[in-house]
Amino acid sequence: MLKRVFKLTLGFLSLLFVLFLFGIIITWAPDKTVAELQPKWAPLPSVFVDTMGMKVHLRDEGPRTDPNPIVLIHGTASSLHTWDGWVEELKSTRRVVRFDLPGFGLTGPSPNGDYSMDLYVKFVISILDKLEIKHAVIAGNSLGGNITWFTALNHPKYFEKLILVDASGYHFQSTSVPIGFRIARIPLLRNLVSNVLPRFIISSSVKNTYGDPSKVTETQIDRYYDLTLREGNRKALVQRFQQMTPGMHEDKIRELHIPTLILWGGKDRLIPPEYAEKFHEDIQGSKLVVFENLGHIPQEESPKETLQVFQEFMK
């Protein structure tokens with residue numbers, strides 16, 4: 001009897017091991033090179049600009065005569081593509097600049113592994129200097145929003161207006177965190193996904209940031225998945241979470257004295273709308289608009305609705 005139980009147990013464990021190996025095989029996801037990803041995700045007008053030891057994926061569109069170009073900065077694990085809807089409308093009359101931040105998109109890792117806020121500020125200014133932009137309107141979503149306001153605070157002469165879209169900056173409490181972000185914070189699991197990355201993790205993470213998950217398309221999931229696999233990006237995401245402490249500069253937000261528009265998704269569960277109210281309270285004279293049915297990436301989820309408010313603010 002004991003031998004039979006032992007054999008059944010051993011057989012069950014063997015089956016589990018085989019299923020585990022099969023799962024590893026079918027979800028095996030090694031890094032992809034920029035050369036592999038570029039044809040699909042960086043066709044013209046994309047270019048690659050050398051700065052700070054990186055080849056930065058950048059798009060500079062619209063009339064060069066625009067005296068105040070619009071600079072758009074994406075969030076964590078995203079890319080310049082998150083602003084496609086805005087740029088499609090803006091580029092006929094405005095110069096619009098966007099780029100992949102260090103650690104994300106096709107730009108890839110920072111050469112020295114630095115993902116501090118100071119590094120990002122220096123990076124943004126280096127891009128503007130490279131493009132000979134002395135005055136601009138700057139907008140950012142999530143992490144990009146934090147970079148945006150901190151850059152404007154430290155280099156106020158560069159910027160005419162500030163737009164914060166579900167921006168980080170305070171020590172916030174999420175009501176729901178995308179599974180991909182949670183994995184990046186757990187040592188055992190983050191080491192596993194350096195070579196194994198089931199597509200459903202990316203799908204779930206993107207849908208978690210939308211007010212209406214049904215709006216997320218397969219093409220969007222493909223983009224987030226492919227760019228996560230850009231060589232070095234998974235390690236960079238882990239390093240960024242290790243290096244950045246939410247709210248470490250929040251006492252400086254009150255020092256901002258620049259016309260500011262705050263856009264927020266009413267269904268944002270990563271950085272809930274209460275933090276939009278904090279920005280509005282701390283930035284004197286700011287304007288706040290909450291989109292009740294949108295999530296953490298409102299400019300991607302509903303470009304037309306959010307852009308209309310932005311354009312009214314720009315008049």
(request) Sort out which residues of region 94-148 are polar (S, T, N, Q) and crowded, with 18+ Cβ neighbours inside 10 Å, and write them in order of number. (result) 107, 110, 141, 142, 146, 148
(message) Can you go through 82, 93, 76 and tell me which one is in a loop (DSSP other than H, G, I, E, B), within 16 Å of the chain's Cα centre (by Cα) and β-branched (Val, Ile, Thr)?
(response) 76
(message) Conditions first: (1) in a loop (DSSP other than H, G, I, E, B); (2) modelled with pLDDT under 95. Residue 234 passes all but one, so which condition is the exception?
(response) (1)
(message) Looking only at region 159-203, filter to residues that are of a type in the set (Ser, Thr, Tyr) and not in a helix (DSSP H, G or I); which one of those is modelled with the lowest pLDDT?
(response) 194
(message) Just to be sure before I move on: is residue 55 modelled with pLDDT of 95 or more, open to solvent by 80 Å² or more (accessible area, probe 1.4 Å), of a type outside the set (Val, Ile, Thr) and under 24 Å from residue 130 (Cβ atoms) in the structure I sent?
(response) yes
(request) Kindly list the number of the only condition in (1) within 17 Å of the chain's Cα centre (by Cα); (2) surrounded by fewer than 16 Cβ atoms within 10 Å (Cβ to Cβ); (3) under 14 Å from residue 146 (Cα atoms) that fails for residue 244. (result) (2)
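The values are calculated or read from the model by the stated rules, or taken from the named source; none is laboratory data. Just so you know, these numbers come straight off a predicted model, no measurement behind them. So basically every Cβ, Gly included, is an ideal-geometry build from the backbone, and we count neighbours across all protein chains shown. Side chains are part of the model used for accessible areas, which takes the heavy atoms of the whole protein and leaves out ligands, DNA and RNA. Shrake-Rupley method; radii C 1.70, N 1.55, O 1.52, S 1.80 Å.
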